[in-house]
1. Could you identify the single residue in Leu206, Leu187, Leu242, Leu248 that is in a helix (DSSP H, G or I) and either within 25 Å of Ile45 (Cβ to Cβ) or in contact with a helix residue (DSSP H, G or I) (Cβ under 7 Å, 6 or more places away or on another chain) (or both)?
2. So which of Ala188, Ala193 ends up being over 23 Å from Val53 (Cβ atoms), surrounded by fewer than 15 Cβ atoms within 10 Å (Cβ to Cβ) and either within 25 Å of the chain's Cα centre (by Cα) or in contact (Cβ under 8 Å) with a residue 24 or more places away in the chain (or both)?
3. Select from region 121-145 the residues that are touching a residue at least 24 places away in the same chain (Cβ under 8 Å) and surrounded by fewer than 13 Cβ atoms within 10 Å (Cβ to Cβ) and write down the one among them that is farthest from Leu161 (Cα to Cα).
4. Do we find that Ile99 is under 22 Å from Met194 (Cβ atoms), in contact with a helix residue (DSSP H, G or I) (Cβ under 9 Å, 6 or more places away or on another chain) and not in a helix (DSSP H, G or I) in this structure?
5. Quick check, is Ala118 modelled with pLDDT under 90 and either acidic (Asp, Glu) or surrounded by fewer than 19 Cβ atoms within 10 Å (Cβ to Cβ) (or both)?
6. How many of the residues making up region 52-87 are touching a helix residue (DSSP H, G or I) at 6+ places or on another chain (Cβ under 6 Å) and modelled with pLDDT under 95?
7. Please find, within region 10-43, the residue that is nearest to Val213 (Cα to Cα) out of those that are out of contact with any Leu (no Cβ under 9 Å at 6 or more places or on another chain) and of a type in the set (Asp, Glu).
8. When you scan region 251-273, how many residues do you find that are part of a helix (DSSP H, G or I) and either touching a residue at least 12 places away in the same chain (Cβ under 8 Å) or surrounded by 16 or more Cβ atoms within 10 Å (Cβ to Cβ) (or both)?
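The values are calculated or read from the model by the stated rules, or taken from the named source; none is laboratory data. Being a predicted model, the structure only gives us computed values, none of them experimental. Here Cβ is always computed from backbone atoms with ideal geometry, including for glycine, and neighbour counts include all displayed protein chains. In case anyone asks, the SASA skips ligands and DNA or RNA and just uses the protein heavy atoms, side chains included. Shrake-Rupley method; radii C 1.70, N 1.55, O 1.52, S 1.80 Å.
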Amino acid sequence: MSQRTKKQHIVPRFYLSRFSDSEGMVWNYAAGAEPQGRKPEATAIETNFYSPVGPDGERIDELELLLGAIESDAAPLWDDLMSGKIMTGEDRQKISLFIAAQYLRSPALVRAGAELAAHIAHHSARYIAASKELHDEVIDEYEQKTDQFLSPEEREQMRELVLSKDKLKISVLRSAGLPMLQGLGQLAGNLNAMNWVIGGSPDQHLITSDSPVIRISDPKTHSPIYGDGGFANKTVRVSFPLSPDRILEMTWEGEEQNLIRRIPKKHARMMNKTRAQQAERFVWLSCHFVEN
């Protein structure tokens, strides 16, 4: 039986190695901390991040194994991608799946998913408590399953607690956000259908982060109720740095060509700024400096 992986990369090691310096070090930047140079294998690691505890108390590793397989499929294609080659067919699907996974597996998205789960749980609890009859039905079911019984007074106290505006706070484990990855196939399909462009930035060092996939869209298309339509928004622009001087951009407009399009320094700096602002915690560079 093979030993399971406890130290799991939130950003793949092969990808981070593309952002290493001449000594093989990736420079780690975080707010309030001194920059640190680390080997890719020791960078972007969290213990059991993708392996939640199951009902039997054992770790569930299926997601970590799936992400590993997606990384293994994408890694051999990286040099061709950085050379300006626009993928087609199965290779394109592999890269689309990799980028979709990198977006959904990021700590920022997982955290957002956990916060959404907590919000839904709180809303559901208040909805149930609003009806004494429904509240009692739920308590009855709980008592049958656990053989633990509540008095009428305790039932009412619980109901009042749930209905209070400031006394009840529901917290969930971060792993409650991992179901965000259920959208992997749909997101990969959207990315696969978009137009791809490889950009070159010879004049401006490109950074990456723990949330390296950036999605922006025209603010005019945003709805205060329905949002901006996500990746299906026809104005959306997706960017993903491949190395310190190469970046993949995806849009619903334009056309594809097997060449590297030069990115103006000003535009590259703006992309760096956006990526740093949207990072959950860490930004990574292949050199030991911070540009003004």
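1. Leu187
2. Of the residues listed, the single one that is over 23 Å from Val53 (Cβ atoms), surrounded by fewer than 15 Cβ atoms within 10 Å (Cβ to Cβ) and either within 25 Å of the chain's Cα centre (by Cα) or in contact (Cβ under 8 Å) with a residue 24 or more places away in the chain (or both) is Ala193.
3. Lys132
4. Criteria not met by Ile99.
5. In short, yes.
6. Residues flagged as touching a helix residue (DSSP H, G or I) at 6+ places or on another chain (Cβ under 6 Å) and modelled with pLDDT under 95 within region 52-87 amount to 2.
7. Glu34
8. Counting residues in region 251-273 that are part of a helix (DSSP H, G or I) and either touching a residue at least 12 places away in the same chain (Cβ under 8 Å) or surrounded by 16 or more Cβ atoms within 10 Å (Cβ to Cβ) (or both) gives 5.
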